[in-house]
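K.L.:
One structure coming up, written as C-alpha cells, with questions to follow.
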Amino acid sequence: MANKFYITTPIFYVNDLLHIGHAYCTIACDVVARFRRLLGDEVLFLTGTDEHGQKIAQAASLKGKTPLEWADYIVSQDKKLWEKLNISHDDFIRTTEDRHERTVQAIFTKLYQKGVIYKGEYEGWYCTSCETFYLEGQLDEGKCPECGKVAEKLKEESYFFRLSKYQNRLLNYFAENPEFMQPSFRKAEMVNFVKEGLKDLSVSRTAVKWGIPVPFDEKHTVYVWFDALTNYLTASGYLDDKVKFSKFWPADVHLVGKEIFKFHTIIWPAILMALEIPLPKKVFGHGWWTVEGKKMSKSRGNVVDPVEVSEEFGVDAFRYFLMREVPFGQDGDFSKKALIRRYNADLANNLGNLLSRTLTMVEKYLQGKVPEPGRDKKEGRELIQKVKGLSEKMVRYYDKLELNNVLGAIWEVIDYANRYIEKTSPWKLEKTDRKRLETVLYNLLETLRIVALYILPFMPRTAERIWERLGMKEKIYNQKIKQAEWGRLKSGIRIKTGKPLFPRIKD
Ligand code: MSP
C-alpha cells in the first residue's frame, strides 16, 4: 500500500500580494511533495490563506473594500502566482471557508467544555501587524519587538487557553522526539522558552470584529493564530471526513519561516495535546531572504516580485536559484547578480551544455539513435557508480530537508558527466573505436535521463523538456523513482536536438 505524506505551507495573510519570501516556502514544499509523489506516496500538499484579523480588516478598508472582497482579490492573485510557479498543491484552504469556520468553532467549544479554555480578563499590549500579544516587559520602548510598530494597550474580557498546563508535556515531547524540530539549531531557543514558563494564551478578542465568532459567546471572535493553526486539521478532514483524517493526520511536515516557528512548535502542539490528537511529525523552520543585504519591506521599496523574476529568468531558473543558493534552514540574500551567476554556471554551462553536447554528438555520429552500450573503461564505470549512488543520497537529504544538498549531489554528477566527455573525447573515438563511442554516448544519454527524473521536483518543466529531447514517449510526470535505475534507457529510440534550454545571460 502506498505511504501517505501530508505537507503544509503556512497559510499566507491576505493583506498584500506575495513576494519571494512566501514563494520560497511554497516552492520548497512543492519540491518535497513532488519527490514524495515520485516515490509513489499518496501526497496531500496544502497551502492557503489566513484571512481574519485586524490587519486584514485595516488593509481592506484602506482600499475601500470589505475584508472579504479584498481577500477574494488577493486569493485570486495568490492562485495565479502558484500556477505560474508550477506549484502542485492538492488543496488551497481559506480561513473564511465554511469547512474551516465550523472546524474552529467545534474545536473551541470542545476545549471550552473540557475546561482547557476559560474566560478571564486580558491586560496587555497588542501588535496588529504581527497579530501578537505582548507583556509590557517584552516591548521595545513601547514598540513591537518583532516589527518595531507601536503596540496598543488592551484591557478586555477574553477567553484563555491553558498553555501553562502543557509546559512539562511539551518538554518531555521535545526530549523524546529529537526529530520534531528542525533544523536542530532552532531547538534550543524553543526549549528555553518553554522552560522559562508558559503563560496562558488569550484566544479571543472582543475588539476585533473580522473573525470567527466564539460560538457560545458571540461578542468574541477567535484569536487569529488559533484560527490559523487549525487550518491544518480542517484540510485533513478532522471534522467532516474521518477516513481522510485517519489517513493523513498527523502531518508529516509543517514547513514554516523561522519567525513563526514558535507558534508551530509550542502553541500548536499544546492545542493538539489538549485535543488528544497526535502531533505533526516534523516542524521545519526555514531562513529568511534579504535583498542585496537589506530586509525586504514595502517602505524600503525593495520587495521582490516572484512573477517579475520568473518572467525575466524563467520559472525553473528561479526555483533552482532559491533552492540551491542557501543551505535550507539558513538565511539567504537575493540579488539578480547572484541569480545570473548561478544561472550561467550551473544551468547554461553545466546542465544545458551537457544536454546539447550529448544530443549533438548522438545526432552527428549515430543518426540520432540511442545506441547499444558495451563495457566501458574506468571513467565510464565511475560515472555509472556516481549516478547509481544518487538514489541513496536523495533519500537521506530529503529526509533532513537538505534541499540544497539534493541539488549539490545531482550537480556533482552533471559536472562529472561533462568531464567524462572531455576525458573520452567522443569526436576522436568516431574514427578509432566505434563501439566505445556508442558506449560513451549511451552512458551520457542514460545519465541525462536519470538526472531529468531527479531534477523533476525542482524544475518540472526542464525535466519534461529533457525527457522529450531524449525521445521518451510516456509522460515524465507519470514516472516513479524505479525509472531512475541505471540501464532502463532502450536503444533505438530517436532523440531530438533543439535550442539550448538555458541560453547564457550576459552580465
Ligand atoms: N498567516 C501567518 C501564518 C499562519 S500559519 C498557520 C503568516 N503569514 S505571512 O503571510 O506573514 O507568511 C509568513 C511566511 O512567509 C513565513 O513563514 C515565511 O515562510 C514567509 N516569509 C515572509 N517573508 C520572508 C522572507 N523575507 N524570507 C523568507 N520567507 C519569509 O505568518
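The values are calculated or read from the model by the stated rules, or taken from the named source; none is laboratory data. Note that the coordinates shown come from a computational prediction; the quantities given were computed from them, not determined experimentally. Here the Cβ is made from the backbone with ideal geometry for all residues, glycine too, and neighbour counts use every protein chain on show. Please note that ligands, DNA and RNA were not included when accessible areas were found on the heavy atoms of the full protein model with its side chains. Shrake-Rupley method; radii C 1.70, N 1.55, O 1.52, S 1.80 Å.
K.L.:
Starting from residues that are crowded, with 22+ Cβ neighbours inside 10 Å and more than 14 Å from the ligand (Cβ to nearest atom), keep the ones in segment 39-48 and report whichever is nearest to residue 297 (Cα to Cα).
P.N.:
45
K.L.:
Scan segment 233-265 for residues that are touching a residue at least 40 places away in the same chain (Cβ under 8 Å), within 15 Å of the ligand (Cβ to nearest atom), surrounded by fewer than 20 Cβ atoms within 10 Å (Cβ to Cβ) and over 15 Å from residue 47 (Cβ atoms) and jot them down.
P.N.:
Across segment 233-265, the qualifying residues are 258, 259, 262.
K.L.:
Exactly one condition in (1) away from the ligand (no atom under 13 Å from the Cβ); (2) within 23 Å of the chain's Cα centre (by Cα) is false for residue 51; which is it?
P.N.:
With (1) away from the ligand (no atom under 13 Å from the Cβ); (2) within 23 Å of the chain's Cα centre (by Cα) applied to residue 51, the lone miss is (1).
K.L.:
Being under 19 Å from residue 98 (Cβ atoms) and part of a strand (DSSP E or B) is the filter here, so list the residues in segment 201-237 that pass it.
P.N.:
213, 221, 222
K.L.:
Further question: Pairs, please: C-beta under 8 Å, at least 6 apart or cross-chain, first residue free of Cβ contacts under 8 Å to residues at least 12 places away in the same chain and more than 7 Å from the ligand (Cβ to nearest atom) and in segment 285-300, second basic (Lys, Arg) and not in a loop (DSSP other than H, G, I, E, B)?
P.N.:
Matching pairs, first to second residue: 300/294.
K.L.:
Restricting attention to segment 417-463, report how many residues are open to solvent by less than 30 Å² (accessible area, probe 1.4 Å) and in a helix (DSSP H, G or I).
P.N.:
Result for segment 417-463: 28.
K.L.:
On to the next question. Within segment 102-132, count every residue that is in a strand (DSSP E or B), modelled with pLDDT of 95 or more and open to solvent by 30 Å² or more (accessible area, probe 1.4 Å).
P.N.:
2
K.L.:
Could you please give the count of residues in segment 1-20 that are near the ligand (Cβ under 9 Å from one of its atoms), open to solvent by 10 Å² or more (accessible area, probe 1.4 Å) and over 17 Å from residue 328 (Cα atoms)?
P.N.:
7
K.L.:
Now for a different question. Limited to segment 21-36, what total is found for residues that are more than 9 Å from the ligand (Cβ to nearest atom) and open to solvent by 10 Å² or more (accessible area, probe 1.4 Å)?
P.N.:
Qualifying residue count, segment 21-36: 2.
Residue by residue, here is whether (1) without any contact (Cβ under 8 Å) to a residue 60 or more places away in the chain; (2) touching a helix residue (DSSP H, G or I) at 6+ places or on another chain (Cβ under 7 Å) holds:
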site: 435; (1), (2): no, no
site: 447; (1), (2): no, yes
site: 452; (1), (2): yes, yes
site: 469; (1), (2): no, yes
site: 496; (1), (2): no, yes
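K.L.:
Name every residue in segment 5-45 that is over 26 Å from residue 57 (Cβ atoms), part of a strand (DSSP E or B) and aromatic (Phe, Trp, Tyr), in order of residue number.
P.N.:
Scanning segment 5-45 gives 5, 6, 45.
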